[in-house]
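*Asks:* First the structure, then my questions, so here it is.
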Amino acid sequence: MVFWVFGYGSLVWNPGFEADEKVVGFIKDYRRVFDLACIDHRGTPEHPARTCTLEKYEGAVCWGTAYCVRGGPEKEKAAMEYLERRECEYDQKTVVEFFKEGDSEQPFSTDMIVFTSTPDKISNKYYLGPAPWEDMARQIASAYGPCGNNRDYLFSMEKALFDLGHEDDYVIALANEVRKVLGMVGSIRTGGSILRGEKLPRPTPVPLESGLSSPRKIRALA
């Protein structure tokens, strides 16, 4: 068994397991949203954090990092068991096509595993759903758990996507809202169509022909 797993949240900058290969790329028709509760890493049951999950959205792209694990059943089993413990709030493992940076037409992998969550509050107890920007920002600014505070999770994601060369307007806007709550007005970042203090709706997908192979031409929208 050799498997690939796609990281779009903290796996981008902190995989936490031994991988044999790492590839930057994207998946189609998904976008990143902060609609999932975390009660054991960046929050608690009494004060859950908001962490990212994926939302189906036709035409969107979600940039991240794919990791390959090979080298025998014991190594592969250990990596998957680690991921299942770490991603315990995600109730689904979805198989998707993954596209390597520089090639938006031919899938690099057709059986990429990605941890996702059911967007239903009844069947998925960790699903919070969308909320006003100010409410999400206050929750993220104040939540704290065994692995640290929620805001550092968000800021680390913002930096990791910047380092990949594929920033996410939704993440930047939410991070700026959190900075406002924390009084870090001077640290508000601008980029693309984002203006100081401007609030954005959920992102509009960019067509794949808009220069996906050029890292700095567009910003990731999932």
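The values are calculated or read from the model by the stated rules, or taken from the named source; none is laboratory data. Fair warning: this is a prediction, and the values are worked out from it, not measured in the lab. Cβ placement follows ideal geometry from the backbone for every residue including glycine, while neighbour counts extend to all protein chains displayed.
*Asks:* Could you figure out which of (1) closer than 21 Å to residue 167 by Cα; (2) surrounded by fewer than 21 Cβ atoms within 10 Å (Cβ to Cβ) isn't true of residue 110?
*Replies:* Every condition holds for residue 110 apart from (1).
*Asks:* Ok, one more. Read through the list (1) at pLDDT below 95; (2) surrounded by fewer than 16 Cβ atoms within 10 Å (Cβ to Cβ), then give the number of the only condition that residue 79 fails.
*Replies:* Checking residue 79 against (1) at pLDDT below 95; (2) surrounded by fewer than 16 Cβ atoms within 10 Å (Cβ to Cβ), the one that fails is (2).
*Asks:* In segment 121-146, which residue that is closer than 27 Å to residue 66 by Cα and surrounded by fewer than 17 Cβ atoms within 10 Å (Cβ to Cβ) is farthest from the chain's Cα centre (by Cα)?
*Replies:* Out of the qualifying residues, it is 146.
*Asks:* In segment 29-40, which residues are among the β-branched types (Val, Ile, Thr) and either exposed (fewer than 14 other Cβ atoms within 10 Å of the Cβ) or more than 14 Å from residue 116 (Cβ to Cβ) (or both)?
*Replies:* 39
*Asks:* Tell me which residues, restricted to segment 41-68, are surrounded by fewer than 24 Cβ atoms within 10 Å (Cβ to Cβ) and touching a helix residue (DSSP H, G or I) at 6+ places or on another chain (Cβ under 6 Å).
*Replies:* Correct list: 65 only.
*Asks:* Report, by residue number, each residue of segment 74-116 that is closer than 15 Å to residue 53 by Cβ, outside any strand (DSSP E or B) and of a type in the set (D, E, K, R).
*Replies:* The answer is 86, 87, 89, 91.
*Asks:* Residue by residue through segment 147-185, note down the ones that are among the polar types (S, T, N, Q) and either closer than 23 Å to residue 102 by Cα or surrounded by fewer than 23 Cβ atoms within 10 Å (Cβ to Cβ) (or both).
*Replies:* Listed by number, the residues that qualify are 149, 156.
*Asks:* Let me ask something additional. May I ask you to list pairs of residues, at least six apart or on different chains, whose Cβ atoms are under 6 Å apart, with the first in segment 23-50 being farther than 16 Å from residue 87 by Cβ and the second being assigned to a strand (DSSP E or B) and of a type in the set (Ser, Thr, Tyr)?
*Replies:* Cβ pairs passing all conditions: 24/65; 31/57.
*Asks:* Tell me whether segment 43-61 contains one or more residues that are assigned to a strand (DSSP E or B), on the phi > 0 side of the Ramachandran plot and of a type outside the set (Val, Ile, Thr).
*Replies:* Yes: one or more hits.
*Asks:* On to the next question. Right, residue 89: of a type outside the set (Ser, Thr, Tyr), more than 22 Å from residue 24 (Cβ to Cβ) and surrounded by 20 or more Cβ atoms within 10 Å (Cβ to Cβ) or not?
*Replies:* For residue 89, the condition - of a type outside the set (Ser, Thr, Tyr), more than 22 Å from residue 24 (Cβ to Cβ) and surrounded by 20 or more Cβ atoms within 10 Å (Cβ to Cβ) - is met.
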